[in-house]
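A short worksheet on the structure shown next.
Where a number appears in this text, it was derived from the coordinates with a stated rule and is not lab data. Predicted, not measured: the structure shown is a model, and the values here were computed from it. Neighbour counts are summed over all protein chains in view; Cβ atoms, including those assigned to glycine, are modelled from backbone coordinates with ideal geometry.
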Amino acid sequence: MASVTRAAFDDFAPRGKTWPVIFVGHGTPLNAMRNNAFTDSWTRLGAALGRPRAILSVSAHWYTRGTLVTAMARPNQLYDFGYRNMAHIKYHAPGSPALADRVVELLRHACPVKDYSWGLDHGTWSVLSKAYPAADVPVVQLSIDGTREPEFHYDLGRHLKRLRREGVLIMGSGNIVHNLGLTVRTGKAEPYAWAVRFDALVRTKLIDRDFEALVNYPSLSPDADLAVPTPDHYLPLLYTLGAVEADEPIVFPVEEIDRGSMSMRTIMFGAL
């Protein structure tokens, strides 16, 4: 693996402040077109956080073999969904080759690869278009290696933790409960009982700092089979948990289940 230059490291030297870590339940990409309780919360969250030097996003929608890191200076905006009426929504945030180099160095034990073909998918830009609408904060995406066990993803978060002292906002973007097969797509839907139970149980485990139970989520509850039928939208949570220090405050800017089967829970770890 090529060595990382000292200049790239200097771009992300510690600056004193420890940035919070956030997990965002992003839900449908249509949220990027809307002003609702979810998007209003993302807007308020961005204003409260302030402007980081860069953002590292782990999105449910970049599910790969191996660990990849976007390394281009100008990442493409990806319309990775079936809605054809959203091409007018533009979010052209810059990338950060220096942050990509830093991530590669921190995760060198996992042999990450710099990627120049992906970009920013809707798990990232639909949220950031509300939180940082000026699109002036550099954004790098880290992929989720779908071949690895949950402990692997939690461990990567632990190795990324030091970025918080280097001006980087770490963001996981997914949904704690995400069952598209049972989603109610029209009208106002009452949440399924199993969705409410699983989401509430995760909240309790977060407050209790029982992160081990959350890493071993298939054994957390019988409701896990319905709440997490595929791991892609849950695993971003584990990256954020790995980056959390002991006893940091936890707040929940959003606590709601949308469309019956999609938890929109948003979590912030750490003090502003």
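Using θ = phi - 60° in the Karplus curve 6.51 cos²θ - 1.76 cosθ + 1.60, the 3J(HN,Hα) couplings for the range 21-28 round to 10, 10, 10, 10, x, 8, x, 5 Hz; x is entered for Gly and Pro. Considering only THR70, THR28, THR240, the mean-square fluctuation computed in a Gaussian network model of the chain, springs between alpha carbons under 10 angstrom, is largest for THR28.
Restricting the GluC sites (Glu not before Pro) of the range 148-253 to loop positions (DSSP other than H, G, I, E, B) with no more than 14 neighbouring Cβ atoms within 10 Å leaves GLU245. Taking VAL196, VAL137, VAL184 as the candidate residues, the one with maximal mean-square fluctuation in a Gaussian network model of the chain, Cα springs under 10 Å, is VAL184. Where both bridge residues fall in the chain, DSSP classifies roughly 30% of the beta bridges as antiparallel. Length available on full extension from ASN216 to HIS109: 0.36 nm per residue minus the Cα-Cα distance, which gives 36.3 nm. Around the amide H of ILE170, modelled in the peptide plane, lie the amide H atoms of ILE22, LEU56, all under 5 Å away and 5 or more residues distant in sequence or on another chain.
Considering amide H positions built from the backbone, and no H for Pro or chain starts, which residues 5 or more places from ASP115, or on another chain, come under 5 Å of its amide H? Hits under the 5 Å cutoff: VAL69, THR70, ALA71. Just checking the listed ones, GLY146, GLY167, GLY82: in the Gaussian network model of the chain with Cα springs under 10 Å, the one fluctuating most is GLY82. Close amide H pairs (under 5 Å, H built 1.01 Å from N) link HIS61 with GLY123, residues at least 5 positions away or on another chain.
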